[in-house]
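Take a look at the structure set out below.
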Amino acid sequence: MPCLLALLAVAFPRVAIVLLWLFTNFFAVLRPNILIPILGFLFLPLTLIVYTYVLHAYGGHMGITQLIFIFIAVVVDLGLVGGGALRGRR
């Protein structure tokens, strides 16, 4: 089941965010600052999920491994956003 949720999060990150928001308390660590979830949902949804996971799993400690995870999520998010522009040119 966790693998299925991970595939859902990568394929449809905004759907996964809505489901996590409605049925779990996954985003409870982001409650004091409501701007981060809103901007993350609009611009970098996979990065929002990975960032929140890092906050949960590592207690907010950002080591090099956690920063690499976040960097990979940013690259994947930017690739998902800009992927259609390359196809449109050809």
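Taking the condition of being touching a residue at least 12 places away in the same chain (Cβ under 8 Å), in contact with a helix residue (DSSP H, G or I) (Cβ under 7 Å, 6 or more places away or on another chain) and not acidic (D, E), how many residues in the range 56-80 meet it?
7
Quick one: which helices (runs of 4 or more DSSP H) sit completely within the chain and have at least 3 residues that are modelled with pLDDT of 85 or more and β-branched (V, I, T)?
Correct list: 13-23, 45-58, 64-89.
The values are calculated or read from the model by the stated rules, or taken from the named source; none is laboratory data. Keep in mind the model is a prediction, meaning the values are calculated, not measured. Neighbour counts are summed over all protein chains in view; Cβ atoms, including those assigned to glycine, are modelled from backbone coordinates with ideal geometry.
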